[in-house]
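These notes concern the structure reproduced below.
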Amino acid sequence: MKKALEYNCPSHGGCGMVRMGMMVPESWQLFVCPSACGRHGALGAIQHGYKDRLFYLFLDDSDIISGYDSTIIDGVACVLKKKNRKPRAFLIFVTCIDDLIGTDCDAVIDELQTIYPDIDFCMCHMNPISSDSDSPPFVTMWKNLWSLISYTPAQKENSINILGAYALKKEDGDLFSVLKILGIDKVNQIQSATSYDAFQRFGAARLNLVMAPASEKGAAAMESKCNIPYMLSPVSYDPDIIEAEYHKLTEKLNQEKLDAIRAFIANQKKKLECFIQETRDCIGSTGIFLDDSALGNPVSLALFLKKNGFHVQGVFLGILDPSDPCFDILRAQDIPVQSVRECTAYNEYRTDTEAISIGLESAYMTGSRHFVSIYQDQGLYGFSGIITMLDFIRQSVKEVPDLKSVIAASGLII
């Protein structure tokens, strides 16, 4: 994608830095930034019910000239005094302007930790400019969240952690059935942690199951700090890959159950075949668009649908990288790839309003009357994840929701 003025789709949204940080129970956040940087975040916090946990320390010209290390410490003191209570964890965010200022973040955190030893402090960096680097915001944010875990018991619990999921994995999905067969007593998910102490117990798990590559660096840091090995297992819509991942998980947790897992997988595949046929019968040759706001791996779902006889009309991506081998794979299947950031895409694809869009961005760009409103796989995983997605597709052709209202209800990205 050539460097040029980019289009910001009105349906752009989902889980940003603020919402990710708010997954940590009993935590607060302080953003240190110019006032213009805080407007949509503050409005989003009100909309999502975070306004009592999110605070802003606005910088002026003198702060930018002379630095604001001590100002951050004073800002934390002001927040704690005003609220007259304390969080268990306090996330301090500096923004892209700090790359020019050079705040000594480690020294600031050390001083805060000395003043308030009963609060865990963490310095985070909100820097959209780093999106195309090897440490983009989502990677560093996941790493920051997992760095808060300090509980490292000598005796591990018979539990595993799910890392990198933006939504709660459903306990009626086949992942939980597999883990039950393998003898796992408990599955920890950050979204279901009701207290900071419960969040800390992630440090007692046997294994970290990493659902998104963005969380792998955080998992690697946890392996060093908490002695918890990890297994990278991103969401896939390829049944063969899902089967291989469950076999790998079995090898790590309980190899004696391999035959039971094979039988379970065979049963799930039969269910999936039935759903594929029923969905084909339901939607016929209706076109399908996909985007990477809805799916962590839209290429995987596009290829699955194409292979099983569905009419895939295009895949919308936030960043186009022609060197990515996925481009060649999609082109070989005659599946067009388009950036949601190119203004021309808005008119180019608004030709089939009866198509189904998986994701709000592709729905907006194409004008589809039928769409699946999810973000980053919405907790889907495994064979049951594919089955649920097929059910979403079938339901979408029966409904014509108002896209503008759905976008408004989904909330700003914060």
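The values are calculated or read from the model by the stated rules, or taken from the named source; none is laboratory data. Quantities reported herein were computed from a predicted structural model and do not represent experimental measurements. With ideal geometry, Cβ positions are generated from the backbone for all residues, glycine too; neighbour counts draw on all protein chains shown.
So, of the residues in the stretch 396-405 that are out of contact with any helix residue (DSSP H, G or I) (no Cβ under 7 Å at 6 or more places or on another chain) and either among the small types (Gly, Ala, Ser) or in contact (Cβ under 8 Å) with a residue 12 or more places away in the chain (or both), which turns out to be surrounded by the most Cβ atoms within 10 Å (Cβ to Cβ)?
396
A quick yes/no check of all residues on (1) touching a strand residue (DSSP E or B) at 6+ places or on another chain (Cβ under 8 Å); (2) of a type in the set (Asp, Glu); (3) within 21 Å of residue 44 (Cα to Cα):
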residue: 57; (1), (2), (3): yes, no, yes
residue: 63; (1), (2), (3): no, yes, no
residue: 74; (1), (2), (3): no, yes, no
residue: 88; (1), (2), (3): yes, no, no
residue: 92; (1), (2), (3): yes, no, yes
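Kindly indicate the residue of the stretch 100-129 that is under 25 Å from the mean Cα position of the chain (by Cα) and assigned to a helix (DSSP H, G or I) and also farthest from residue 23 (Cα to Cα) among those meeting that condition. Before the answer, list the steps.
Initially, the stretch 100-129 is screened for residues under 25 Å from the mean Cα position of the chain (by Cα), giving 120-129.
Okay, now just the ones that are also assigned to a helix (DSSP H, G or I), so 128-129.
Values: 128: 21, 129: 24 Å.
So, considering only residues that are under 25 Å from the mean Cα position of the chain (by Cα) and assigned to a helix (DSSP H, G or I), the one farthest from residue 23 (Cα to Cα) is 129.
Restricting the search to the stretch 332-367, which residues are modelled with pLDDT of 85 or more, surrounded by fewer than 14 Cβ atoms within 10 Å (Cβ to Cβ) and part of a helix (DSSP H, G or I)?
Answer for the stretch 332-367, where residues must be modelled with pLDDT of 85 or more, surrounded by fewer than 14 Cβ atoms within 10 Å (Cβ to Cβ) and part of a helix (DSSP H, G or I): just 332.
Quick grid of which residues meet (1) among the hydroxyl-bearing types (Ser, Thr, Tyr); (2) over 18 Å from residue 21 (Cα atoms); (3) modelled with pLDDT of 95 or more:
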| site | (1), (2), (3) |
| --- | --- |
| 177 | yes, yes, yes |
| 183 | no, yes, yes |
| 188 | no, no, yes |
| 191 | no, no, no |
| 209 | no, yes, yes |
| 231 | no, yes, yes |
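Can you confirm whether the stretch 131-149 contains a residue that is surrounded by 16 or more Cβ atoms within 10 Å (Cβ to Cβ), assigned to a loop (DSSP other than H, G, I, E, B), under 20 Å from the mean Cα position of the chain (by Cα) and among the β-branched types (Val, Ile, Thr)?
Looking for residues that are surrounded by 16 or more Cβ atoms within 10 Å (Cβ to Cβ), assigned to a loop (DSSP other than H, G, I, E, B), under 20 Å from the mean Cα position of the chain (by Cα) and among the β-branched types (Val, Ile, Thr), one finds at least one in the stretch 131-149, hence yes.
Give the residue that is modelled with the lowest pLDDT, with candidates limited to residues of the stretch 38-95 that are more than 19 Å from residue 116 (Cα to Cα) and of a type in the set (Lys, Arg).
So, considering only residues that are more than 19 Å from residue 116 (Cα to Cα) and of a type in the set (Lys, Arg), the one modelled with the lowest pLDDT is 39.
Listed residues 383, 371; which is modelled with pLDDT of 85 or more, in contact with a helix residue (DSSP H, G or I) (Cβ under 7 Å, 6 or more places away or on another chain) and in a strand (DSSP E or B)?
Answer to the selection: 371.
Output yes when any residue across the stretch 36-43 is closer than 25 Å to residue 146 by Cβ and surrounded by fewer than 19 Cβ atoms within 10 Å (Cβ to Cβ), and no when none is.
So the first thing to find is which residues in the stretch 36-43 are closer than 25 Å to residue 146 by Cβ, and the list is 41.
Add one more test, that the residue is surrounded by fewer than 19 Cβ atoms within 10 Å (Cβ to Cβ), and what stays is none.
No: the stretch 36-43 contains no residue that is closer than 25 Å to residue 146 by Cβ and surrounded by fewer than 19 Cβ atoms within 10 Å (Cβ to Cβ).
Return the total of residues in the stretch 84-116 being of a type in the set (S, T, N, Q) and without any contact (Cβ under 8 Å) to a residue 24 or more places away in the chain.
Filtering the stretch 84-116 for residues of a type in the set (S, T, N, Q) gives 84, 95, 103, 113-114.
Then drop every residue that is not without any contact (Cβ under 8 Å) to a residue 24 or more places away in the chain, which leaves 84, 113-114.
Qualifying residue count for the region: 3.
Is at least one residue of the stretch 317-329 at pLDDT 85 or above, buried (at least 22 other Cβ atoms within 10 Å of the Cβ) and not basic (Lys, Arg)?
Yes, the stretch 317-329 contains a residue that is at pLDDT 85 or above, buried (at least 22 other Cβ atoms within 10 Å of the Cβ) and not basic (Lys, Arg).
Take the stretch 156-165 and flag every residue that is touching a helix residue (DSSP H, G or I) at 6+ places or on another chain (Cβ under 8 Å) and surrounded by fewer than 22 Cβ atoms within 10 Å (Cβ to Cβ).
156, 157, 159 - these are the residues of the stretch 156-165 that are touching a helix residue (DSSP H, G or I) at 6+ places or on another chain (Cβ under 8 Å) and surrounded by fewer than 22 Cβ atoms within 10 Å (Cβ to Cβ).
So which of 186, 217 ends up being in contact with a strand residue (DSSP E or B) (Cβ under 6 Å, 6 or more places away or on another chain) and either surrounded by fewer than 18 Cβ atoms within 10 Å (Cβ to Cβ) or within 21 Å of residue 378 (Cβ to Cβ) (or both)?
Criteria check complete, one pass: 186.
Restricting attention to the stretch 284-331, which residues are in a strand (DSSP E or B) and aromatic (Phe, Trp, Tyr)?
So in the stretch 284-331, the residues in a strand (DSSP E or B) come out as 287-291, 311-317.
289, 316 - these are the residues of the stretch 284-331 that are in a strand (DSSP E or B) and aromatic (Phe, Trp, Tyr).
Let's see how each residue does on (1) aromatic (Phe, Trp, Tyr); (2) outside the structural domain of residue 25 (by TED's automatic domain parsing); (3) farther than 22 Å from residue 148 by Cα:
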| residue | (1), (2), (3) |
| --- | --- |
| 53 | no, no, no |
| 56 | yes, no, no |
| 59 | no, no, yes |
| 64 | no, no, yes |
| 69 | no, no, no |
| 73 | no, no, no |
| 77 | no, no, no |
| 88 | no, no, no |
| 91 | no, no, no |
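Among (1) surrounded by fewer than 22 Cβ atoms within 10 Å (Cβ to Cβ); (2) in contact with a Phe, Trp or Tyr (Cβ under 6 Å, 6 or more places away or on another chain); (3) in the same structural domain as residue 353 (by TED's automatic domain parsing), which single condition is residue 292 missing?
Unmet condition: (2).
Can you find even one residue in the stretch 62-83 that is under 30 Å from residue 411 (Cβ atoms), touching a helix residue (DSSP H, G or I) at 6+ places or on another chain (Cβ under 7 Å) and touching a residue at least 60 places away in the same chain (Cβ under 8 Å)?
No: the stretch 62-83 contains no residue that is under 30 Å from residue 411 (Cβ atoms), touching a helix residue (DSSP H, G or I) at 6+ places or on another chain (Cβ under 7 Å) and touching a residue at least 60 places away in the same chain (Cβ under 8 Å).
Show me the helices (runs of 4 or more DSSP H) found entirely inside the stretch 155-245 where at least 2 residues are more than 20 Å from residue 264 (Cβ to Cβ).
Working: elements: 174-181, 196-200, 216-226.
Once the helices (runs of 4 or more DSSP H) in the stretch 155-245 are filtered for at least 2 residues that are more than 20 Å from residue 264 (Cβ to Cβ), what remains is 196-200, 216-226.
Starting from residues that are more than 21 Å from the chain's Cα centre (by Cα) and touching a residue at least 40 places away in the same chain (Cβ under 8 Å), keep the ones in the stretch 204-230 and report whichever is farthest from residue 243 (Cα to Cα).
The qualifying residue farthest from residue 243 (Cα to Cα) is 225.
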